Amino acid sequence: MRRHIQYLFLAFNVYIGVRLYLFYSYFLGRGSAYVSRPPSTEAYLPIAALMSLKYWLVTGVFDQVHPAGLTILVAAFLTALLWRRGFCSWICPIGTISEIAHRAGQRLGVTVRPPRFVDIPLRSLKYVLMAVFLLAVIGMDAPSIRAFVNSPFNKLADIKMLLFFLHLSTFSMLVLANLIIWSFFIKNFWCRYLCPYGAALGILSKVGMVKIARDENNCIDCKKCEKICPAYIDITKVKTVTSLECIDCLDCIRVCPVENTLEVKTARLNKVVGPRAYGLILVGGFMFLILLAQITGHWNTNISLAEYRQMVPNAARYGHP
Ligand code: SF4
Ligand code: SF4
């Protein structure tokens, strides 16, 4: 079920990418019919969303330029706070691409497990990146954030991201190719070492209302759970998986041969939550927050079509303020 959900979100991301391209093409006068801009593309503007989150917390004003970006960030943070880090392994399309690459690597027999002395410092990189972004945003005052949010650069940030991918420089191509190639060899390479978003979700997930618990009395120490774990967690050494690296893929539970040994349980009452129920509540809760944002007017941008008509053809001109 997890894989099906991942593929659905991945397909949806391809769909919104194509729509954004058609939206962009329309304003270039290439004869394409008008296609509305998909607000979900703002999911790929997490730093701007982080600034908007600070601005919202400080001033009470919700970003109207990229409200969907802020909504998606808040929804991901809330799911992590309440329901652990399943966003990474059930919803995020980058995690899905990493998994697909690694499965291909397994078929080719080229996968490796990095030694601990390499793995641990590399794992810290994503926390360093997260801290850099967090400190930069914390250091900005509300007027600076407002100026950034309303700048033409930010208004066109999704279009500029599209242009980045349409006109990849040799260096960018090399970086992207490296990220994909390394994912063939090392499980969840991007998520494990470099993703600051995942780092933040991991920290927030410590509060979660659920946990992954192992019953020591039932466990036969076959280590199947450890072999499949994408986060290389020593599951058999603990009663509860508390590692920040756990992405709640629940693969360990899927492969465990002894019933009722490895389970998702509510943190306080120890009630079992089946893996399917876990996934449905996670994805359902995430989608519910998106729907709520759409109903309450926290989804569509306030940038008018006239503004887009004037700005899009000149997108390359607007630099970072
Ligand atoms: S501990 Fe289980 S749920 Fe967590 S990452 Fe490893 S396999 Fe997935
Ligand atoms: S797969 Fe299940 S039985 Fe085997 S070591 Fe892990 S928890 Fe124990």
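Laboratory data are not the source of any read-out in this text; all were calculated from the coordinates shown. All values reported here derive from a predicted model rather than from experimental measurement. Cβ sites come from the backbone with ideal geometry, for glycine too, and all protein chains shown count toward neighbours.
Only four residue types carry charge here, +1 at the Cβ of Lys and Arg and -1 at the Cβ of Asp and Glu. Report the dipole size of region 100-222 about the Cα centre in Debye, rounded to the nearest 20.
Value, rounded to 20: 140 debye.
State the answer as a single residue: which of Ala157, Ile233, Leu50 lies farthest towards the positive end of the charge dipole of the chain, with beta carbon charges of +1 for Lys and Arg and -1 for Asp and Glu, about the Cα centre.
So the residue we want is Ile233.
Please work through the chain and write down the cysteines that have no neighbouring cysteine Cβ at a distance under 4.7 Å.
For the chain, the answer is Cys88, Cys92, Cys191, Cys195, Cys219, Cys222, Cys229, Cys246, Cys249, Cys256, because their Cβ atoms have no other cysteine Cβ under 4.7 Å.
Using a cut-off of 14 Å between beta-carbons, work out the net charge of the residues near Leu179 (Lys and Arg +1, Asp and Glu -1, Leu179 not included).
So the surrounding residues net to +2.
What lysines sit close enough to Lys227 to cross-link, taking a C-alpha to C-alpha distance under 23 Å and skipping anything fewer than 8 places away on the same chain?
Cross-link targets: Lys187, Lys211, Lys237, Lys239, Lys265.
Along the Cα→Cβ direction, 7 angstrom out, place labels at Leu163 and Val112. What is the inter-label distance in nm?
Placing both labels 7 Å along Cα→Cβ, they lie 4.0 nm apart.
For the chain, taking Cα atoms only, what is the radius of gyration to one decimal and the Dmax to the nearest whole Å?
So, for the chain, Rg and Dmax equal 21.0, 68 Å respectively.
Compute the FRET efficiency between Ile228 and Leu129 as 1/(1 + (r/R0)^6), taking r as their Cβ-Cβ distance and R0 = 45 Å, and round to the nearest 0.05.
Efficiency computed from Cβ-Cβ geometry: 0.95.
Summing -39500 (n - 2.57) over the DSSP H runs of n ≥ 4 in the chain and dividing by its residue number, what mean residue ellipticity at 222 nm do you reach, to the nearest 500 deg cm²/dmol?
Per the formula, -18000 deg cm²/dmol.
Most exposed first by the Cβ proxy, i.e. fewest other Cβ within 10 Å, how do Arg84, Arg309 rank?
By the 10 Å Cβ count, ascending, the order reads Arg309, Arg84.
Applying the Karplus parametrisation 6.51 cos²θ - 1.76 cosθ + 1.60 with θ = phi - 60° to the phi angles of region 209-220, what ³J(HN,Hα) value in whole Hz is obtained for each residue in order, glycine and proline being reported as x?
7, 10, 9, 9, 10, 10, 8, 4, 6, 7, 4, 9
When Thr261, Thr59, Thr266 are ordered from fewest to most other Cβ atoms inside 10 Å of their Cβ, what list results?
So the residues, fewest neighbours to most, are Thr59, Thr266, Thr261.
Only Lys, Arg, Asp and Glu count, each charged at its Cβ (+1, +1, -1, -1), so figure out the dipole size of region 210-273 about its Cα centre, rounded to 20 debye.
160 debye
With labels modelled as points extended 7 Å from the Cα through the Cβ direction, what inter-label distance (nm, one decimal) is found for Arg30 paired with Ala267?
With each label placed 7 Å out from Cα toward Cβ, I get 4.8 nm.
According to a simple spin-label model (label point 7 Å from Cα along Cα-to-Cβ), what is the distance in nm between Leu57 and Ala177?
4.1 nm
For the charge dipole of the chain, defined by +1 on Lys and Arg C-beta atoms and -1 on Asp and Glu C-beta atoms about the Cα centroid, which residue among Ala131, Ile91, Gly274 has the Cα displaced farthest towards the positive pole?
Value: Gly274.
Quick one, could you list the DSSP H helices from the chain stretching 24 Å or more along their long axis (Cα atoms) with average Kyte-Doolittle hydropathy of 1.0 or above?
What comes out of the filter, once short or polar helices are dropped, is 116-138, 275-295.
Could you work out the relative contact order of the chain? I mean the mean sequence separation of Cα pairs under 8 Å and 6+ apart, divided by the number of residues, in percent.
Worked out over the chain, it gives 26 percent.
As an exercise, use a Förster radius of 51 Å and the Cβ-Cβ distance of Arg19 and Val258 to find the FRET efficiency, rounded to the nearest 0.05.
Numbers: r = 47 Å, r/R0 = 0.92.
With R0 = 51 Å, the Cβ-Cβ based efficiency is 0.60.
For region 238-244, take each phi angle, set θ = phi - 60°, evaluate the Karplus expression 6.51 cos²θ - 1.76 cosθ + 1.60, and give the result in whole Hz per residue in order, putting x for glycine and proline.
These are the phi-based 3J(HN,Hα) values: 10, 8, 9, 6, 10, 4, 5 Hz.
What are the semi-axes of the equivalent ellipsoid of region 210-273, taken as the square roots of 5 times the eigenvalues of the Cα gyration tensor, listed largest first and rounded to whole Å?
16, 14, 10
Is there a quick way to get the dipole size of the chain? I mean about its Cα centre, with the Cβ of Lys and Arg at +1 and of Asp and Glu at -1; what is the value in debye to the nearest 20?
Rounded to the nearest 20 debye, it is 360 debye.
Order these by the 10 Å Cβ neighbour count, fewest first: Ser144, Ser98.
Ser144, Ser98
Using Cα pairs under 8 angstrom and six or more residues apart, how large is the relative contact order of region 220-321, in percent?
15 percent
What is the sum of charges around Thr71, taking Lys and Arg as +1, Asp and Glu as -1, for the other residues whose C-beta is under 13 Å from the C-beta of Thr71?
-2
Just to confirm a number: summing +1 for Lys and Arg and -1 for Asp and Glu over residues other than Trp90 whose beta-carbon lies under 15 angstrom from that of Trp90, what do you get?
Here the count lands on +3.
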